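Worksheet for the structure shown next.
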Amino acid sequence: VKDVDFGRGEITVREGKGDKDRVTMMPQAIIRSLQEHLRRVQATHQQDLADGYGRVELPHALARKYPNANREWCWQFVFPQERRWRNPHTGEQGRHHIDESLVQKAIKRAVRKAGLAKRATSHTFRHRFATHLL
């Protein structure tokens, strides 16, 4: 969640292509929907915390340095899984991010529903977006 900056209109993409972090613009058209989505995600997170869950897995060094950070709102995923995971060693439960295959399937359905004749993927949209910026 901390990688979404509504004030600056930016989204930080972590460990993208080449394992690099990148900052990209946030389209104005998604701001309201994304804010509403995050309110729902935050309500789920608050309920998870009340139920004794509400964790995410953090990189090991970060988890050691800040042992309670995995429950903080800023570290939660923008698109968390519906089901909680369970750490077999500690018994802790939390939520991971949704699998990228779910996003790919959603795009495939949207392309089909839109009646587009050409094949389109998330990568296609990324390149088209960049082309339109030129």
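We did not get these values from a lab; they are worked out from the coordinates using the rules stated. Given the structure is predicted, the values throughout are model-derived calculations rather than measurements. FYI the Cβ positions are ideal-geometry reconstructions off the backbone, even for glycines, and counts take in every protein chain you see.
With charges only on Cβ, +1 for K and R and -1 for D and E, what is the dipole size of the chain about its Cα centre, in debye, rounded to 20?
660 debye
Compute the angle between helix 122-133 and the longest alpha-carbon principal axis of the chain, please, reported from 0 to 90 degrees and rounded to the nearest 10.
That works out to roughly 60 degrees.
Calculate how steeply helix 100-114 sits against the longest principal axis of the alpha-carbon atoms of the chain, using the helix alpha-carbon long axis, and give the answer as 0 to 90 degrees to the nearest 10.
So the helix axis and the longest Cα principal axis differ by about 30 degrees.
Exactly which chymotrypsin sites (Phe, Trp or Tyr not before Pro) in the range 62-134 are in a DSSP loop and have at most 13 other Cβ atoms within 10 Å?
none
For a quick check, take a GNM of the chain with Cα springs below 10 Å and name the residue from VAL41, VAL56, VAL103 with the largest mean-square fluctuation.
VAL103
Starting from the Cα gyration tensor of the range 95-134, take the square roots of the eigenvalues, sort them a ≥ b ≥ c, and report rounded, prolate or oblate (rounded when a/c is under 1.5, otherwise prolate if a/b is larger than b/c, else oblate).
Oblate, because a/c is 1.5 or more while a/b does not exceed b/c.
Whole-Hz ³J(HN,Hα) for each residue in the range 22-38, computed from phi via Karplus 6.51 cos²θ - 1.76 cosθ + 1.60 with θ = phi - 60°, x for glycine and proline: what do you get?
Using θ = phi - 60°, the values come out as 9, 10, 10, 6, 9, x, 4, 5, 9, 4, 4, 4, 5, 4, 5, 4, 5 Hz.
Indicate the gyration tensor shape class of the range 4-97 (rounded, prolate or oblate), computed on the Cα atoms with a ≥ b ≥ c the square roots of the eigenvalues: a/c under 1.5 is rounded; otherwise a/b larger than b/c is prolate and the rest oblate.
Numbers: a/c = 2.28, a/b = 1.38, b/c = 1.65.
Verdict is oblate for the range 4-97.
Give the shape of the range 60-134 as rounded, prolate or oblate, defined through the alpha-carbon gyration tensor: a ≥ b ≥ c are the square roots of its eigenvalues, a/c under 1.5 means rounded, and otherwise the shape is prolate if a/b is larger than b/c and oblate if not.
On the way: a/c = 3.99, a/b = 2.13, b/c = 1.88.
Prolate shape, in that a/c is at least 1.5 and a/b is the bigger ratio.
Amide H to amide H, which residues 5 or more places from GLU10 or on other chains are under 5 Å from it, using H placed in the peptide plane?
ASP5, MET26
For the chain: lysine pairs with Cα atoms under 29 Å, gap of 8 or more or different chains, count?
15
Rounded to the nearest 500, what is the chain's calculated 222 nm mean residue ellipticity when only DSSP H runs of at least 4 contribute -39500 (n - 2.57) each, over all residues?
Rounded to the nearest 500, it is -13500 deg cm²/dmol.
Per residue of the range 69-79, in order, report the coupling 6.51 cos²θ - 1.76 cosθ + 1.60 (Karplus, θ = phi - 60°) as ³J(HN,Hα) in whole Hz, putting x for Gly and Pro.
Per-residue couplings from phi come out as 4, 5, 9, 6, 4, 4, 8, 6, 7, 5, 10 Hz.
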